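Comments concern the structure below.
Laboratory data are not the source of any read-out in this text; all were calculated from the coordinates shown. Here the structure is a predicted model, which is why all the values come from computation and not from measurement. With ideal geometry, Cβ positions are generated from the backbone for all residues, glycine too; neighbour counts draw on all protein chains shown.
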Amino acid sequence: MTQQTDVLIVGGGIAGIGAAARLAKTANVTVLEGEAALGYHSTGRSAAIFIRNYGNTTLRILNAASEPELMQPDGVSDRSLLSPRGELLIATGQEMTALDAYLDDAENMERLTPEQAGELVPILNTHRLAGAAFESGAQEIDVDRLLQGYARLATSRGAQIVKDATVTSLLRNDSTWSVETTHGSFEAPIVVNAAGAWADDIARMAGLAPLGLVCFRRSAAIIPTPEGYDISKWPLFGSASEDFYAKPDAGALMVSPADEDPVDPHDVWADDMVLAEGLHRFEQAVNVPVTRVLHSWAGLRTFAVDRTPIVGFDPRKTGFFWLAGQGGYGIQTAPALSRLAMNLITQTPPDLAEQTVSALTPDRFLKGK
């Protein structure tokens, strides 16, 4: 039996579930998630940090627009989803150009001396450093509470979340999309492509040429707390050239090589050599050795070629809506992008400026085609 709905959302990560929570207030919504759990590939493997100055100009606008909802997540949680952490960027002499470029358009960031950086993170090898900068407003995000809060809000408004529902075909018939999955058949006038690393595959299935999304692996390892240190108040710290970052994580230290190796969409895992190289770069920046790895993992980060998310209806097929390409910014921009998706689908005025909305549209990749 084919299930009828107003909006079908393909993908149960933070993008799809956030959009479902907003759309379900006025529409009948069904989310199709191919895995047995929500947020399996990217959302559940994120660095869980809100950095206001992270990303290009459009992303920084989205960060700013998302922050109030993360602080006061009405209907999603009874308390703030953010907690103090801070971000410390460090730079050797060769990395000062990268640090200066990051600070050019940054807000509320303070330049520090190497000695001041060492006061924030005492294990830093300050003799290697030429400069540093600190963003006190960077905060931890409770990602699971955000995702589950969106899921609860969506279902409380009548949305249906179907897991283990891998899409096998999409076909536009007159005014309706017919979608076949491993968990049944569905029909809706609007399909939201929130499939993350698989978004271009979903587009192909719908008869559309892909928009050129590229999927990258990002690895991380948990190492023991350096002996003799209380790391609970340390900020996230990393190199200005983005060749590693680290932050306290549940009583241990998470270190990422900040890798960006292109991969095909799959259940990705950490590459031992990439991880070893990243841990070596971390060791060069600090004065303590890495004695062992307690745990490691990897996640997927999917970008458009201009590193800006894709949000909007595809003009080539009626009722096909993109909500993809969030890259490493998906969690911290989820509130703003969920609201924007709701606005565009329900044809209500967005609270973002027209210039920002235009920077996100899929049309930007289709000119001249």
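A few points about this structure:
- With the convex hull constructed from alpha-carbon coordinates only, region 84-157 shows a mean projected area of 6.8 nm² over all directions.
- Diffusion coefficient (Stokes-Einstein, Kirkwood radius over C-alpha pairs, 4 °C, 1.567 mPa s) for region 222-369: 71 µm²/s, rounded to a whole number.
- Projected onto planes of every orientation and averaged, the convex hull of the alpha-carbon atoms in region 1-116 covers 10.6 nm².
- Potential lengthening between Ser156 and Thr113 on full extension [0.36 nm per residue; Cα-Cα distance subtracted]: 10.4 nm
- Set the Cα radius of gyration of region 159-282 against 2.2 N^0.38 Å, with N its number of residues, and you get 1.51.
- For Ile49, the amide hydrogen comes within under 5 Å of the amide hydrogens of Ile141, counting only partners 5 or more places away or on other chains and with H modelled in the peptide plane.
- Lys/Arg +1, Asp/Glu -1 at C-beta; region 81-178 dipole; positive extreme among Leu99, His127, Leu146: Leu146
- Inter-label distance, Ala250 to Asp6: 3.9 nm, where each label sits 7 Å from its Cα along the C-beta direction.
- Taking Lys and Arg as +1 and Asp and Glu as -1, the other residues whose beta-carbon sits under 9 Å from that of Val29 total 0.
- The chain - mean residue ellipticity at 222 nm from DSSP helices (-39,500 (n - 2.57) per run, n ≥ 4, rounded to 500): -8000 deg cm²/dmol
- For region 27-74, with +1 on Lys and Arg beta carbons and -1 on Asp and Glu, the positive-most of Ile61, Ser42, Gln72 along the dipole: Ile61
- Protection-proxy order for peptides 271-280, 144-153, each taking the mean of Cβ atoms within 10 Å per residue, highest first: 144-153, 271-280
- Sequence-distant contacts, meaning Cα pairs under 8 Å at least 6 residues apart, place the relative contact order of the chain at 23 percent.
- Cα gyration tensor, region 146-186 - rounded (a/c under 1.5), prolate or oblate: prolate
- Per-peptide average of other Cβ atoms within 10 Å, ordering 349-356, 77-84, 188-195 highest first: 188-195, 77-84, 349-356
- FRET efficiency for the pair Thr168 and Asp272, taken as 1/(1 + (r/R0)^6) with r the Cβ-Cβ distance and R0 = 35 Å, rounds to 0.50.
- Packing-based ranking, highest mean first, of 17-28, 287-298 given that Cβ atoms within 10 Å are counted: 17-28, 287-298
- Here the chain is assigned +1 on the Cβ of each Lys and Arg and -1 on the Cβ of each Asp and Glu. Its dipole about the Cα centre then comes out at about 860 debye.
- Quarter the surface of the alpha carbon convex hull of the chain and you get the mean projected area, 18.3 square nanometres.
- Annotation: the antiparallel percentage among DSSP beta bridges lying fully within the chain is about 70.
- Label-to-label distance, nm, for residues given as His127 and Ala64 (7 Å Cα→Cβ offset): 4.3 nm
- Likely footprinting exposure, Met205, Met342, fewest C-beta neighbours within 10 Å first: Met205, Met342
- Counting only lysines at least 8 places from Lys233 when in the same chain, those with an alpha carbon closer than 21 Å to its own are Lys247.
- 19 Å Cα-Cα reach of Lys25 towards lysines, excluding residues that sit fewer than 8 places from it in its own chain: none
- Shape call, region 310-356: gyration tensor on alpha carbons, a/c limit 1.5: oblate
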